[in-house]
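Below is one structure, written out as structure tokens; comments come after it.
Just so it is clear, none of the values below were taken in a lab; they were calculated from the coordinates. In this text, all values refer to a predicted model and were calculated from it rather than measured experimentally. Methodologically, a virtual Cβ is constructed for each residue, glycine included, from the backbone with ideal geometry; neighbour enumeration extends over all protein chains shown.
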Amino acid sequence: MKVRAQMSMLFHLDKCIGCHTCSVACKNLWTDRDGAEYMWWNNVETRPGTGYPTGWEDQDHYRGGWHRDAKGRLKLVLHSRGGGIAKAFYNPALPELEDYYDPFTFQYGNLFGAPAGQQQPTAIPISKITGRPVEISTGPNWDDDLGGSDIYAANDPSMDGVDDAVRAQMEEIERVVFNYLPRICNHCLNPACVAACPSGAIYKRSEDGVVLVNEDKCRGWRMCVSGCPYKKVYYNWDTGKSEKCILCFPRLETGQAPACAHSCVGRIRYMGVLLYDADRIASSASEPDDRVLDAQLDMILDPFDPKVITAAKLEGIDDGWLDAARRSPIYRFVKDWGMAFPLHPEYRTEAMMFYVPPLSPIMSTIEDSLVKLDLPEERRDFELLDELDKARLPLEYLANLFTVGDTEPIRVALRKMLAVRTYKRRQSVDGTIDATTIEMLAEAGLTEATAEAIYRMTTTPTMDDRFVLPPYHREMSIEAINDPLSAKGEAGFGYRREPKRGA
Amino acid sequence: MTAPPRKGRTLIGSTLLPVAVVVFTAIFGTLSAHSDAANAQDVSGSDLYAANCAGCHQPGGEGIVGTFPPLAGNPAAADPTYVATVVSQGKSGPIEVLGVPYDGVMPPFSKLSTDEIAAIADHVSGLATGTAPDTAPDTAPTSVPDGVPTTTVPPEPPVAGDADRGRELFVGSNRLDRGAPGCASCHVAGDVGNLGGNGLGPDLTGVYGRLGGEAGLTAWLANPASKTMMPVFADRPMTDQEIADLVAFLADTPNSERPSYSADWLLMAGLAGLGMLLIGMAIAWRGMRRPYAQILATTRRSPR
């Protein structure tokens with residue numbers, strides 16, 4: 001057992017309101033620079049849809065992630081070692097700028113500086129790259145709130161496997177449904193970008209598992225861009241280097257949650273430490289499709305287990321980190337409650353950002369201009385539990401996103417969420433808990449105490465509950481080599497050293 | 001809403017720095033040039049002659065018959081004005097001196113100042129009239145009989161040259177001792193110089209004969225007088241051994257035949273390669289990816 005710590009984020013999709021505050025916070029902090037205009041290290045996608053860059057989940061097209069070959073070995077989808085050399089100067093699987101979008105702004109100056117005329121001046125859209133007027137034809141989350149759009153939603157690769165009849169229903173206007181999927185770099189345990197990089201410029205920090213691009217070593221081969229199945233490494237055309245989400249490590253090191261999590265309006269994001277067994281990365285990533293999710297979740301170690309604690313200390317993980325791991329909200333959602341899953345575990349990168357799948361309303365019909373639920377009036381709450389198959393977001397769809405097509409873990413998670421809702425409604429509306437409700441909790445695999453804990457963590461967590469950040473003691477390691485006073489007053493924005501092209 | 005000027009710091013760095021460099025170079029360059037000129041006035045005509053003219057026209061002005069016209073006893077060289085004109089403007093074309101025809105090229109010595117040229121002209125007219133203030137070397141004859149070839153004595157004891165070593169120096173596989181570039185940088189000679197390259201300077205095949213054999217070529221190489229070679233070799237002349245080796249090599253060049261490469265053949269091969277490249281690119285570009293959104297708008301993807 002080789003214990004390592006990983007800073008993980010959890011997205012409670014049931015709470016996401018799709019406001020994009022996270023994206024804007026990240027944009028303002030990190031990617032408001034030349035060459036980074038088109039990058040959204042954090043983006044929020046409307047689902048079903050094809051996301052950003054368009055169709056990133058279609059690995060037949062983008063060739064990201066890993067696959068398991070006939071002998072059960074793990075191979076990059078992008079290329080073999082020899083093939084990588086052959087295609088070094090022509091990487092055919094790169095997304096193009098059109099796959100992201102031509103970044104645009106508006107000519108606001110024209111509103112004030114336009115010459116006198118017959119018409120009101122307008123702020124026409126102009127390209128952020130060339131400054132010339134552009135016809136905006138795509139953008140990050142172009143299909144915003146367009147549930148069931150016949151181009152983007154209809155072509156969502158995660159809709160594969162959903163019954164044709166259900167798909168046809170979903171395209172009816174009354175049954176249109178969408179949810180939001182915020183995405184950042186998954187800071188994977190088995191990152192394909194690291195494996196694809198010919199320069200060895202990408203690495204995973206040992207202390208907290210943040211995957212970083214060394215801008216000094218990066219030679220701009222861009223194999224990481226195509227290697228990452230989540231398309232979360234971006235090429236900066238101004239510096240000639242690749243960049244990606246850094247999990248706001250400068251904020252983590254000073255005890256603050258990442259900007260996207262900190263600014264989250266719906267408070268859907270949680271941060272915490274997970275301990276995992278690094279010895280099992282290779283074996284669990286090469287499990288067959290039906291076991292790959294379980295194998296990944298099994299790798300996450302119990303921070304209360306004395307053996308794990310001993311092994312962790314041997315690896316230099318201090319008590320502060322172990323304490324944070326024990327209080328980690330991620331551990332509770334993922335391991336204790338089994339309600340959260342990584343995005344697309346079938347890419348075999350062992351993504352370490354987790355998602356609580358969203359509940360969706362039950363299908364309704366319209367009779368005599370009245371909306372009617374497809375449920376009997378009596379005991380509706382309890383029926384809901386058993387009628388998850390009638391949820392507007394098909395379970396198959398969520399399973400394609402989070403559980404390699406297996407609907408059972410999704411069903412279990414959604415039942416727990418519904419059970420907690422019903423339980424709390426009984427408690428707050430009726431004032432009493434009847435035996436049927438207790439029975440329903442038990443069926444969902446919950447006790448009253450657990451239901452209460454899930455409720456607290458979901459609805460009323462404080463900042464400290466949501467963000468359990470370990471002490472990095474970065475100030476101590478910095479003071480050991482640098483005099484902090486000598487750098488005082490030099491903090492600020494910009495590059496400490498300008499990244500040189502090809503340097 | 002205006003964007004801030006891009007790379008403001010780099011802009012300042014890229015304009016101000018070179019300007020400063022130019023200004024400093026100009027100031028110090030002018031200063032040093034002045035000091036050079038001041039020094040040059042102290043140099044006598046004979047020293048200037050030895051440095052600039054003696055390489056071809058020989059220390060005593062006896063020249064090399066058939067290649068470099070003699071100055072001693074040459075009636076034309078007795079006129080300092082004529083000499084000054086030739087030195088400052090150069091001279092080329094057929095002339096006849098003391099009954100011997102010459103057809104060579106003398107480059108203009110534009111780096112010499114007017115004072116220096118006047119000093120040289122005085123010295124040369126002294127040589128021509130036999131009243132040079134400096135004593136010419138004992139070996140130099142004061143007058144040359146008409147039409148009779150003179151046996152010129154090399155200014156220094158001869159050094160045995162080796163043609164193989166000369167070839168290595170010529171092609172540059174052995175570097176010249178004082179750091180001047182190898183001959184093949186500009187010249188071809190004999191079988192050296194494939195693919196018709198190195199056409200910057202003249203073809204040196206047969207230069208041995210053209211420049212008057214061993215003595216002439218040795219003299220030339222000891223102080224190359226051409227406009228392009230002079231600055232290259234002025235500060236880093238070749239050693240006597242190197243000169244002897246090169247002379248031995250160049251003497252041999254007319255006997256070897258250069259393998260011929262037809263320029264037409266090269267052109268055809270290049271065009272054929274270009275054509276194949278274009279065809280290959282056209283084929284590759286047919287399979288170029290379209291933006292994903294465009295694919296979606298035209299064709300619905302089929303489920304896996």
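Laid out as a table, the results:
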{"read-out": "Label-point separation in nm, A:Glu448 to B:Asp115, each point 7 Å along Cα→Cβ", "value": "11.5"}
{"read-out": "Cα centroid of the range A:291-367 to Cα centroid of the range B:48-66, whole Å", "value": "94"}
{"read-out": "MRE, 222 nm, helices only [DSSP H, n ≥ 4, -39500 (n - 2.57), over chain A, to nearest 500]", "value": "-8000 deg cm²/dmol"}
{"read-out": "FRET E, pair B:Asp79, A:His67, Förster distance 60 Å, beta-carbon r, rounded to 0.05", "value": "0.05"}
{"read-out": "Estimated inter-spin distance, B:Thr129 and A:Thr460, nm [label 7 Å along Cα→Cβ]", "value": "12.3"}
{"read-out": "Linear extension gain, A:Leu94 paired with A:Thr122, 0.36 nm per residue minus alpha-carbon span", "value": "6.4 nm"}
{"read-out": "Cβ-Cβ FRET estimate between B:Arg286 and A:Arg205, R0 fixed at 51 Å, reported to 0.05", "value": "0.70"}
{"read-out": "Sorted by Cβ neighbour density within 10 Å, fewest at the top, the residues B:Leu127, A:Leu247", "value": "A:Leu247, B:Leu127"}
{"read-out": "Computed over chain A, the ratio Rg/Rh where both radii use C-alpha atoms and Rh is Kirkwood", "value": "0.98"}
{"read-out": "Debye, to nearest 20: dipole size of chain A, +1 on Lys, Arg Cβ, -1 on Asp, Glu Cβ", "value": "2080"}
{"read-out": "Chain A, relative contact order [Cα under 8 Å, separation at least 6], %", "value": "21"}
{"read-out": "Under 5 Å, built H, 5+ apart or other chain: amide partners of A:Lys231", "value": "none"}
{"read-out": "Dipole of the range B:163-255, positive end: most advanced residue of B:Ala180, B:Gly166, B:Thr228 [Cβ charges, Cα centre]", "value": "B:Thr228"}
{"read-out": "Whole-Hz ³J(HN,Hα) from phi, Karplus 6.51 cos²θ - 1.76 cosθ + 1.60, for the range B:214-229, glycine and proline x", "value": "4, 5, x, 5, 4, 5, 4, 5, 5, 8, x, 9, 6, 4, 7, 7"}
{"read-out": "Backbone HN-Hα couplings from phi across the range B:71-87 [Karplus 6.51/-1.76/1.60, Hz, Gly and Pro as x]", "value": "9, 5, x, 7, x, 5, 6, 6, 8, x, 5, 4, 4, 4, 4, 5, 5"}
{"read-out": "Amide H contacts under 5 Å for A:Val177, placed H, 5+ residues apart", "value": "A:Gly148"}
{"read-out": "Positive dipole terminus of chain A, leading residue within A:Pro288, A:Gln6, A:Phe106 (C-beta point charges)", "value": "A:Gln6"}
{"read-out": "Interchain or long-range residues, amide H under 5 Å from A:Leu301's placed H", "value": "A:Leu275, A:Tyr276, A:Asp277"}
{"read-out": "Whole-Hz couplings from phi, Karplus 6.51/-1.76/1.60, listed for the range A:80-92; x for Gly and Pro", "value": "7, 4, x, x, x, 5, 4, 9, 4, 9, 8, 8, x"}
{"read-out": "Whole-number D in µm²/s for the range A:27-173 (Stokes-Einstein; Kirkwood sum over Cα pairs; 25 °C, 0.890 mPa s)", "value": "131"}
{"read-out": "Unit charges on C-beta of K, R, D, E only; dipole of the range A:3-54, Debye", "value": "200"}
{"read-out": "Value of relative contact order over the range B:56-139, rounded to a whole percent, pairs C-alpha under 8 Å and six or more apart", "value": "34"}
{"read-out": "Sorted by Cβ neighbour density within 10 Å, fewest at the top, the residues A:Val162, A:Val176", "value": "A:Val176, A:Val162"}
{"read-out": "Gyration tensor (alpha-carbon) shape descriptor, the range B:163-255, a/c threshold 1.5", "value": "rounded"}
